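Below: the structure, in structure tokens.
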Amino acid sequence: MRPIKLTMSAFGPYAGKTEIDFEKLGTRGLYLITGDTGAGKTTIFDAITYALYGKPSGDNREADMFRSKYAEQEIPTEVELTFEYAGKEYSIKRNQKIKERGEGTTTKTAGAELYYPDGRIVTKQKSVDAAVNEIMGIDRNQFAQIAMIAQGDFLKLLLASTDDRKKIFQKIFHTYNYSKLQEKLKEETSFLEKETEKGKNSIKQYIDGICCDEEDMLSAQVAKAKAGELTADEVVNLIDKLIKKDNISLTSLEKDIENKNKDIESLTTKITKAETYENTKESLEKSLKEKEKIKPKFEELKNKLDKEKRREPEITKLGNRIAKINAELNDYDELDTKNKDLKDIIIKISDETDLKENKKKSVKKLEKELEDLKNEAEDIKGANEEKMALENRQKTLNKDIGAIEDIEADTKKISKLEKELEECQKDYSAKSKYAENLEANYNLKHKAYLDEQAGILAESLEEGKPCPVCGSISHPIPAVKSEEAPTKEELDNLKKQCDDAKKSEQEASKTAGEINAKINTKKEETLKKAKNIVEIEKYEDIADVISEKKEEYVAQLAEVESSLTKAKAQVEHKGKLEKIIPEKEKKQKNINDGVASLEK
């Protein structure tokens, strides 16, 4: 990247618009930026890096510190850089987010614009950042390490770890794809080696499982295979030979097994017939024994059956007699039942007469209760409306009290800010006086230093030889070197102290101004809130007026809440009555229906 033109506005120590034309320095070699401490060398590096990446060149500064303290409010903080990369010219412009004060506060957001050689423009900040990284091929940290020797930052590249330098050089020389290819090939090699080893282990497992009779001629070959002394083809041929031998043996064994199975089937048939014969013989003998045992019982039962058959006419006659007696018993049972029912009915009539009279008394009592409940319900008919009105009034009062409490909280914050302002003003006065004393001391020391330079020059003057300053060959009153003059280093330290003191003074002034503005804004907002509640013109009157109004609202709220408690109780009682009255009416109807039923 070669910078062509850099334009800074209200950036760092450059209060106005400053342009640096790098074209005047030529297009070859390096650019050396030199000058005294505080002259603005690092600011140029910051401006270039900020234009490209939106960040400073070093890690000890932040982008929001770039706003010049000496610039006018209306001058924007922005940087524009025209640069050349890979033979193409680009232009980029960035500006910071700032606040403008006037009627209220206006905020200008940060922006970025990148102009391509073909006329394209990228305006979104994130898009510009991504586009610069793509064009340059390096990010801000890498740019600060290799593109600019900014106050020792190049040392970070030399001292960086191997991995960090590797990443930087990969981006510069575009070797990232080769690195990825190398990693991919390494992964594939590792995978293939694992697969090969897995295959070898599997083959060895199968070889270890080969079985062979020790007396077989091939047993020696099998031992060599298990020891790994045979090639894969030799092992395959050996296995083929073993399989052929095993197949021949298998065929012979299968024939022997078939013959043996036929012999077994013949023997099984004979055994089954023999077992059936034995079982049948045993069952027959058992049955004959049982027959001999039950023969006497059979004869006895046969004789009883013959005796019962001879009594059949007598049994028929007894059955007819039983049927006649059963027919006459029904009339006697019916008479007993009706006599018993008559007694129950007489007792029931007496009981229900008493019950009817009791029910009539209950009806009269219920009528009186219903009349009282309905009168009570009529008295609290408007309880719901009264409760709603009181609740609305309660909400309004709570809202007004809340608004007053917000105003009271605002006045406390304002009082706190006023104390902060008083402390800040004291701090500013002390810092202003300190800066003034330092500046006066620096001016005295600076004059002494200049006088000292004249004394040093006077020591080298010789009569008749020209003065290197004025050219005179006569030196009647040469300057005398002061013994109390400061050194250049002491003067620079004093200068830095003066600058730091002024910076601290400016920051204290800015802080006091911001607090004062915040107080005024807060007072206006608080007065506006107070005017919505009471009639008031001045902020100073808020405390007393608002306090009185709050007491008034609190007293009203207490009365409303007391009335609301009573109204809620009435609403609750009204709800109970609305349930009780229908229940009582239903009970009254049921009793009346019961009385009518009893009379019937």
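Here are a few things to note about the model shown:
- Count - residues of the stretch 26-45 that are in contact with a Lys or Arg (Cβ under 8 Å, 6 or more places away or on another chain) and either under 21 Å from Lys126 (Cβ atoms) or at pLDDT below 75 (or both): 2
- Pairs with Cβ under 7 Å, 6+ apart, first in the stretch 41-55 and at positive phi, second among the acidic types (Asp, Glu): Gly54/Asp129
- Here Lys395 qualifies as free of Cβ contacts under 8 Å to residues at least 12 places away in the same chain, among the charged types (D, E, K, R) and assigned to a helix (DSSP H, G or I).
- Yes/no for Arg94 being modelled with pLDDT of 85 or more, of a type outside the set (Ser, Thr, Tyr) and either crowded, with 18+ Cβ neighbours inside 10 Å or under 38 Å from the mean Cα position of the chain (by Cα) (or both): yes
- Being open to solvent by 100 Å² or more (accessible area, probe 1.4 Å) and outside any helix (DSSP H, G or I) is a description that does not apply to Glu265.
- The conditions of being of a type outside the set (A, V, I, L, M, F, W, C) and closer than 30 Å to Cys212 by Cα are met by Glu254.
- Any hit, the stretch 209-217, residues being part of a helix (DSSP H, G or I) and either in contact with a strand residue (DSSP E or B) (Cβ under 9 Å, 6 or more places away or on another chain) or free of Cβ contacts under 8 Å to residues at least 40 places away in the same chain (or both): no
- Residue count for the stretch 218-269 under the criterion of being under 28 Å from Lys200 (Cβ atoms) and either among the hydrophobic types (A, V, I, L, M, F, W, C) or touching an Asp or Glu at 6+ places or on another chain (Cβ under 9 Å) (or both): the result is 19.
- Of the listed requirements (1) surrounded by fewer than 16 Cβ atoms within 10 Å (Cβ to Cβ); (2) in a helix (DSSP H, G or I); (3) modelled with pLDDT under 80, Ile546 misses just one: (1).
- Residue-level check: of (1) at pLDDT below 85; (2) open to solvent by 70 Å² or more (accessible area, probe 1.4 Å), Glu19 misses just (1).
- Output for the stretch 416-475, where each listed residue is assigned to a helix (DSSP H, G or I), at pLDDT below 85 and among the small types (Gly, Ala, Ser): Ala448, Ala454, Gly455, Ala458
- Any hit, the stretch 564-587, residues being closer than 30 Å to Glu524 by Cβ, hydrophobic (A, V, I, L, M, F, W, C) and within 48 Å of the chain's Cα centre (by Cα): no
- The residue of the stretch 433-455 that is nearest to Lys550 (Cα to Cα), among those that are open to solvent by 30 Å² or more (accessible area, probe 1.4 Å) and in contact (Cβ under 8 Å) with a residue 40 or more places away in the chain, is Tyr434.
- Checking the stretch 62-80 against the condition returns a match, with at least one residue being within 25 Å of Ala130 (Cβ to Cβ), open to solvent by less than 80 Å² (accessible area, probe 1.4 Å) and at pLDDT below 80.
- Extreme residue, farthest from Ala403 (Cα to Cα), among residues of the stretch 549-579 that are of a type in the set (Gly, Ala, Ser) and modelled with pLDDT under 80: Gly575
- The stretch 555-600, subset more than 22 Å from Asn358 (Cα to Cα) and among the basic types (Lys, Arg), residue surrounded by the fewest Cβ atoms within 10 Å (Cβ to Cβ): Lys579
- Restricting attention to the stretch 226-252, the residues that are open to solvent by less than 100 Å² (accessible area, probe 1.4 Å), part of a helix (DSSP H, G or I) and of a type outside the set (S, T, N, Q) total 13.
- Residue in the stretch 376-397 that is among the acidic types (Asp, Glu), surrounded by 14 or more Cβ atoms within 10 Å (Cβ to Cβ) and modelled with pLDDT of 75 or more present: yes
- Residues of the stretch 412-433 that are among the basic types (Lys, Arg) and closer than 21 Å to Asp500 by Cβ: Lys426, Lys431, Lys433.
- Condition check for Thr565: out of contact with any helix residue (DSSP H, G or I) (no Cβ under 7 Å at 6 or more places or on another chain), in a helix (DSSP H, G or I) and over 30 Å from Ser68 (Cβ atoms): yes
- None of Glu489, Glu548, Glu559, Glu535 is without any contact (Cβ under 8 Å) to a residue 24 or more places away in the chain and under 30 Å from Ser68 (Cβ atoms) except Glu489.
- None of Glu537, Glu524, Glu552 is open to solvent by 50 Å² or more (accessible area, probe 1.4 Å), over 25 Å from Lys416 (Cα atoms) and either assigned to a helix (DSSP H, G or I) or of a type outside the set (A, V, I, L, M) (or both) except Glu552.
The values are calculated or read from the model by the stated rules, or taken from the named source; none is laboratory data. All values reported here derive from a predicted model rather than from experimental measurement. All Cβ positions, even for glycine, are placed from backbone atoms using ideal geometry, and neighbour counts span all protein chains on display. The area values use the complete protein model at the heavy-atom level, side chains included, leaving out ligands, DNA and RNA. Shrake-Rupley method; radii C 1.70, N 1.55, O 1.52, S 1.80 Å.
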